[in-house]
Amino acid sequence: MLWLVARIVLVGGALAWVADQFLARRDGRIPPLEMLVVIDAPVDRTWAVLADVPRQPEWMADMKAVRMTTPEPTAVGSRGEALVRILGIGVRDPVEVTAFEPPRRFAIRHEGTVRGGGVMELEPSVDGTTTVVRWAETLAAPVFPHLAAVAAAPVLRRVFQDDLFRLKRLVETGG
C-alpha cells in the first residue's frame, strides 16, 4: 500500500512538473491578475482610504492583520508585514513599497513564501467625481508557480475583485 501511495505521489509530482514547465515556456513570466472598479468619489478621497495601510484589512478580506515595520509616513522603501489567508492557507507576507505616488499609484513587492507584486493605479474621471482603480497582482507559489498561478487565477481574481468592491463601498459611504 505504501508503495502505491509513493508511486501516485511520484507520478503526480512529475506530471505537475511537466505542466509547470510547459506553462513557463510561454515567456517565463506569470501573467498578472487584473481587476478594476469605478468608485463614485474623487481620486483624493479614494487614495486616502486605499493608501491607509493600517485600514487595508477593512476592505481586503484575505488580509487578517497588517503592521508597518518601518516608521511612517509610507514611502518607497517602506516595509510591512501582513497576515494573509488565501484559499484557506494563512501565511505571513512581508512586503516592500516599490511605488508611492499620491494620489495615483501604489505598488508593493511580496517577499515571503509567495512572491510577486501588486500595483494599484487610480485615474480620476474627466469631471473629477469618480475614480477608476486598476489593480494588477502577480503571485508566484513556491512550488510549481506557473501551474499554481493558472489553477488559482479564477478564485484569486474573484477574491481581489471583491476586495475592490469593498473598497468602493468604504470610500463611497465614508466608513
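The values are calculated or read from the model by the stated rules, or taken from the named source; none is laboratory data. As the structure is a prediction and not an experimental result, all values here were calculated from the model. Glycine gets a Cβ as well: all are built from the backbone with ideal geometry, and neighbour counts include every protein chain shown.
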(request) Of the conditions (1) touching a strand residue (DSSP E or B) at 6+ places or on another chain (Cβ under 6 Å); (2) free of Cβ contacts under 8 Å to residues at least 60 places away in the same chain; (3) surrounded by 15 or more Cβ atoms within 10 Å (Cβ to Cβ), K168 clears all except one; give me its number. (result) (2)
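Okay, residues lined up against (1) among the small types (G, A, S); (2) under 20 Å from I30 (Cα atoms):
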{"residue": "E72", "(1), (2)": "no, no"}
{"residue": "R79", "(1), (2)": "no, no"}
{"residue": "A82", "(1), (2)": "yes, no"}
{"residue": "R85", "(1), (2)": "no, no"}
{"residue": "A107", "(1), (2)": "yes, yes"}
{"residue": "H110", "(1), (2)": "no, yes"}
{"residue": "V119", "(1), (2)": "no, yes"}
{"residue": "W135", "(1), (2)": "no, yes"}
{"residue": "F144", "(1), (2)": "no, yes"}
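Among the residues of the stretch 48-76, which ones are farther than 12 Å from L170 by Cα, of a type in the set (D, E) and surrounded by fewer than 18 Cβ atoms within 10 Å (Cβ to Cβ)?
First pass over the stretch 48-76, keeping only residues farther than 12 Å from L170 by Cα: 51-54, 61-76.
Narrowing further to those that are of a type in the set (D, E): 52, 62, 72.
Listed by number, the residues that qualify are D52, E72.
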(message) Within the stretch 13-47, take every residue that is at pLDDT 70 or above and small (G, A, S) and give me the one that is surrounded by the fewest Cβ atoms within 10 Å (Cβ to Cβ).
(response) G28
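Going through the stretch 128-157 one residue at a time, which ones are more than 13 Å from the chain's Cα centre (by Cα) and modelled with pLDDT of 90 or more?
Matches in the stretch 128-157: G128, T129, T130, T131, V132, V133, P154.
Among the residues of the stretch 77-88, how many are part of a loop (DSSP other than H, G, I, E, B) and either surrounded by fewer than 16 Cβ atoms within 10 Å (Cβ to Cβ) or touching a helix residue (DSSP H, G or I) at 6+ places or on another chain (Cβ under 7 Å) (or both)?
Restricting attention to the stretch 77-88, the residues satisfying the condition of being part of a loop (DSSP other than H, G, I, E, B) are 77-78, 87-88.
Retained after the next criterion (residues that are either surrounded by fewer than 16 Cβ atoms within 10 Å (Cβ to Cβ) or touching a helix residue (DSSP H, G or I) at 6+ places or on another chain (Cβ under 7 Å) (or both)): 77, 87-88.
So the answer is 3.
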(request) May I ask you to list pairs of residues, at least six apart or on different chains, whose Cβ atoms are under 6 Å apart, with the first in the stretch 68-94 being closer than 17 Å to L50 by Cα and the second being at pLDDT 95 or above and small (G, A, S)? (result) M68/G80
